[in-house]
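These notes concern the structure reproduced below.
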Amino acid sequence: MHTLNSSKVEVTTFFLIGIPGLEHVHLWISVPISLMYLVAILGNCTILFVIRTEPSLHAPMYYFLSMLAVSDLGLSLSSLPTMLRLFVFNATGISPNVCFAQEFFIHGFTDMESSMLLVMSFDCFLAIHSPLIYSSILTNARVAKMGLVFLIKSMFLVLPFPFTLKRLIYCRKSLLSYSYCLHQDVLKLACSDNTVNFFYGFFVALFMMTDSVFIAVSYVFILKTVMGIGSHKERLKALNTCVSHICAVLIFYVPIIALASVHHFGKHKSPVAMVLIADIFLLVPPLMNPIIYCVKTWQIREKVLGKLGLK
């Protein structure tokens, strides 16, 4: 730290927290966390490899799944360095520049995952509602353009975050609330005017949450289409194509909604609960998405087992 003026001291190092009250067992907690990261990275790399090498999987649904795997990998790799440093070596300190870079990638890949879940819900609707013209609407070129547009949108949406945070002065306190850096969490440490940052952060969060609204609307249309199918067996078959996506949506959005609810409405917020929910948000979706799609999607499952020699 260095002196800002006679009454303030500017913070030059932020401090992350692990699990409050369990600091003495952080090394043991690092074992399951490391395993979760390993499985998440291997699982998503496997999904990407199988889709890349199997011509039968070169279709819009699997291209969108590969984009979801990329966003999951981005989330895992963005938080892995600080999480492992904290739990393995009890290294809580992080420089502001590294913190700003981390929150840029975390928020960017979070928005990208949200966008992928939205476009995958549209893919489900189109496959059920208009199967005969599905392939003519979602051509490979259009899928590639959609993926590129969503990637650029996600990164440019959060691009101002590190630059605007860097302009602020931090002198009130240096302790963050989680095991990694988030925009609003860093923002509360600033002692200079952060009004613009606050409202822009709120706009980005609101923009991302609109994805969940459109996903819900998509499923209203999906259910309406399914109810119009005469055969009960055909209805179940149609809905079964969306089960993996529904699970992915719930795994992604439930921790976000739970964290926001506890933060805004909890009268007696538990620091342990807040940290656990925040860690689940980054750890569980990248871990579970490849498992869900391998279990529920027989085309993926068969190709993965074939690559492993277990078919």
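The values are calculated or read from the model by the stated rules, or taken from the named source; none is laboratory data. Fair warning: this is a prediction, and the values are worked out from it, not measured in the lab. Because the Cβ atoms are built from the backbone with ideal geometry, glycine has one as well, and the counts that use them run over all protein chains shown.
Looking only at region 24-39, how many residues end up being surrounded by 15 or more Cβ atoms within 10 Å (Cβ to Cβ) and either farther than 28 Å from Ser270 by Cα or of a type outside the set (A, V, I, L, M, F, W, C) (or both)? Even if it seems obvious, please write down each step before you answer.
Step one: of region 24-39, the residues surrounded by 15 or more Cβ atoms within 10 Å (Cβ to Cβ) are 26, 29-30, 33-34, 36-37, 39.
Now narrow it down to the ones that are either farther than 28 Å from Ser270 by Cα or of a type outside the set (A, V, I, L, M, F, W, C) (or both): 26, 30, 34, 37, 39.
Of the residues in region 24-39, 5 are surrounded by 15 or more Cβ atoms within 10 Å (Cβ to Cβ) and either farther than 28 Å from Ser270 by Cα or of a type outside the set (A, V, I, L, M, F, W, C) (or both).
Would it be correct to say that Leu176 is within 22 Å of Ile256 (Cβ to Cβ), over 15 Å from the mean Cα position of the chain (by Cα) and crowded, with 23+ Cβ neighbours inside 10 Å?
So Leu176 does not fit the description; no.
Looking only at residues in region 296-311 that are in contact with a helix residue (DSSP H, G or I) (Cβ under 7 Å, 6 or more places away or on another chain) and surrounded by 13 or more Cβ atoms within 10 Å (Cβ to Cβ), which one is modelled with the lowest pLDDT?
Going residue by residue through region 296-311, those that are in contact with a helix residue (DSSP H, G or I) (Cβ under 7 Å, 6 or more places away or on another chain) are 296-297, 299-301, 303-304, 307, 311.
Checking which are surrounded by 13 or more Cβ atoms within 10 Å (Cβ to Cβ) leaves us with 296-297, 299-301, 303-304, 307.
Values: Lys296: 80, Thr297: 80, Gln299: 81, Ile300: 83, Arg301: 81, Lys303: 80, Val304: 78, Lys307: 70.
Going through the qualifying residues, I end up with Lys307.
Can you give me the number of residues within region 190-213 that are surrounded by fewer than 14 Cβ atoms within 10 Å (Cβ to Cβ) and within 21 Å of the chain's Cα centre (by Cα)?
6
Which number in (1) crowded, with 22+ Cβ neighbours inside 10 Å; (2) within 30 Å of Asn197 (Cα to Cα) marks the one condition that Ile152 misses?
(1)
Could you please tell me which pairs satisfy a Cβ distance under 8 Å, a separation of 6+ or placement on different chains, a first residue in region 1-29 that is within 24 Å of Asp185 (Cβ to Cβ), and a second residue that is among the acidic types (Asp, Glu) and modelled with pLDDT under 85?
Between residues of region 1-29 that are within 24 Å of Asp185 (Cβ to Cβ) and residues that are among the acidic types (Asp, Glu) and modelled with pLDDT under 85, the close pairs are Met1/Glu10; His2/Glu10; Leu4/Glu10.
Kindly provide the set of residues from region 224-261 that are among the aliphatic types (A, V, I, L, M) and closer than 20 Å to Met112 by Cβ, ordered by number.
Ile246, Ala248, Val249, Leu250, Ile251, Val254, Ile256, Ile257, Leu259, Ala260
Are any residues in region 131-145 at pLDDT 85 or above and among the small types (Gly, Ala, Ser), and if so, which ones?
Ser136, Ala141, Ala144
Name the residue, out of Thr82, Thr92, that is touching a Cys at 6+ places or on another chain (Cβ under 8 Å) and touching a residue at least 12 places away in the same chain (Cβ under 8 Å).
Thr82
Are there any helices (runs of 4 or more DSSP H) wholly within region 53-155 with 1 or more residues that are closer than 30 Å to Val226 by Cβ, under 16 Å from the mean Cα position of the chain (by Cα) and acidic (Asp, Glu), and if so which?
60-89, 96-129
With Val25, Val39, Val50 as the choices, which residue is closer than 18 Å to Val284 by Cα and not hydroxyl-bearing (Ser, Thr, Tyr)?
Val39
Could you please give the count of residues in region 30-50 that are in contact (Cβ under 8 Å) with a residue 24 or more places away in the chain and over 19 Å from the mean Cα position of the chain (by Cα)?
Result for region 30-50: 3.
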